[in-house]
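The values are calculated or read from the model by the stated rules, or taken from the named source; none is laboratory data. Only a predicted model underlies this, so the values are computations on that prediction, with no experimental measurement involved. Here Cβ is always computed from backbone atoms with ideal geometry, including for glycine, and neighbour counts include all displayed protein chains.
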Amino acid sequence: MNGAVAAFILFVAFCTAVITGIFSLAGGLILMGALALMLPVSAAFVTHGFIQIIANGWRAILHRTHIRWSSIGYYAAGSVLAGAGVALVALTPSKPLLYLMLGLVSFIVWLPKNILRLDAQIPAHGFVAGLSVTGLNLAAGVAGPLLDIFFVKTALTRHQIVATKAATQVFSHLAKILVYGAPLLKLGGPGMPPWWLFAAAAPLSIVGTVLGGRLLDRLTDVSFIAWTKRIIAVIGAVYLVQAARLCFFS
């Protein structure tokens, strides 16, 4: 891996940690798309998983007093089941299909709020969230917009939403590392970045997460939701264009 590619990945890791620290999603979408530009799909999935575990894990620690722990256990159970199922299939999407799924996933946030009455605080819904979100994460690399549906009907504040979603996403990204990382056997395997890049990305993700958390304090709950939808829509449109370009012009 040359220096320019490594610098690009580290820069994107920092910027997306800031974005995710503010909105609890969008950053993961941007990071997945950027990594897929530079790396093979399997390596991009594993790299994304490592960076996002650091960012989400630190965000969960940062906002730990706001986490709704009652939702975490059921989510984890669904996540384990999804990981086991996808591991048995052992199917890695092509890059055009990956960008298509990333684009379609982005527009989940625009579904009418009343189309699905889901609440992550309800045990059965928490389990379904873990199963479906982790399953989509393993197929498309990210699933933040789908996870968001399970928090639309909750009475949680923006800080509780960010903290609880960060804790649940640790399980989804861990599943991604285990499912796609196992065939690569070790860091430095086919297409994988060198170990030092992960070491450098860790503090950048933590600093970005802290900065994003401070910016979150300046938003209102209304502006938090509005800006999230706008950003996701732009990202989704870009990915759909990229999917079309890869399918028809390459």
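Couple of notes before you dig in:
- Criterion: within 15 Å of PRO203 (Cα to Cα), of a type in the set (Phe, Trp, Tyr) and in a helix (DSSP H, G or I) - qualifying residue of PHE11, PHE45: PHE11
- When PHE171 is tested against (1) at pLDDT below 85; (2) of a type in the set (Phe, Trp, Tyr); (3) touching a helix residue (DSSP H, G or I) at 6+ places or on another chain (Cβ under 7 Å), just one condition goes unmet, and that condition is (1).
- Filtered residues of region 53-75 (kept if touching a Ser or Thr at 6+ places or on another chain (Cβ under 8 Å) and either of a type outside the set (Lys, Arg) or closer than 15 Å to VAL207 by Cβ (or both)): ILE54, ALA55, ASN56, TRP58, ARG59, LEU62, HIS66, ILE67, SER71, ILE72, TYR75
- Odd one out for GLY188 among (1) at pLDDT below 90; (2) part of a helix (DSSP H, G or I); (3) in contact with a helix residue (DSSP H, G or I) (Cβ under 9 Å, 6 or more places away or on another chain): (2)
- Checking each residue in region 108-124 for being crowded, with 17+ Cβ neighbours inside 10 Å and touching a residue at least 40 places away in the same chain (Cβ under 8 Å) picks out ILE108, VAL109, ALA120, GLN121.
- Single match in SER106, SER94, SER42, SER79 (criterion: under 18 Å from VAL238 (Cβ atoms) and of a type in the set (Ser, Thr, Tyr)): SER106
- Some residue of region 132-139 being of a type in the set (Ser, Thr, Tyr) and more than 30 Å from PRO40 (Cα to Cα): no
- Test: residue in region 21-33 that is of a type in the set (Gly, Ala, Ser), surrounded by fewer than 22 Cβ atoms within 10 Å (Cβ to Cβ) and touching a helix residue (DSSP H, G or I) at 6+ places or on another chain (Cβ under 8 Å): no
- The residue of region 81-125 that is modelled with the highest pLDDT, among those that are aliphatic (A, V, I, L, M) and not in a helix (DSSP H, G or I), is ILE122.
- Region 1-33, residues that are aromatic (Phe, Trp, Tyr), touching a residue at least 12 places away in the same chain (Cβ under 8 Å) and within 21 Å of MET192 (Cβ to Cβ): PHE8, PHE14
- Residues of region 144-163 that turn out to be under 21 Å from LEU31 (Cβ atoms) and among the hydroxyl-bearing types (Ser, Thr, Tyr), as a count: 0
- Of all residues making up region 208-250, the number that are loosely packed, with under 15 Cβ neighbours inside 10 Å and at pLDDT 85 or above: 7
- THR65 falls short on exactly one of the conditions (1) touching a helix residue (DSSP H, G or I) at 6+ places or on another chain (Cβ under 7 Å); (2) surrounded by fewer than 20 Cβ atoms within 10 Å (Cβ to Cβ); (3) assigned to a helix (DSSP H, G or I); (4) of a type in the set (Ser, Thr, Tyr), and that condition is (1).
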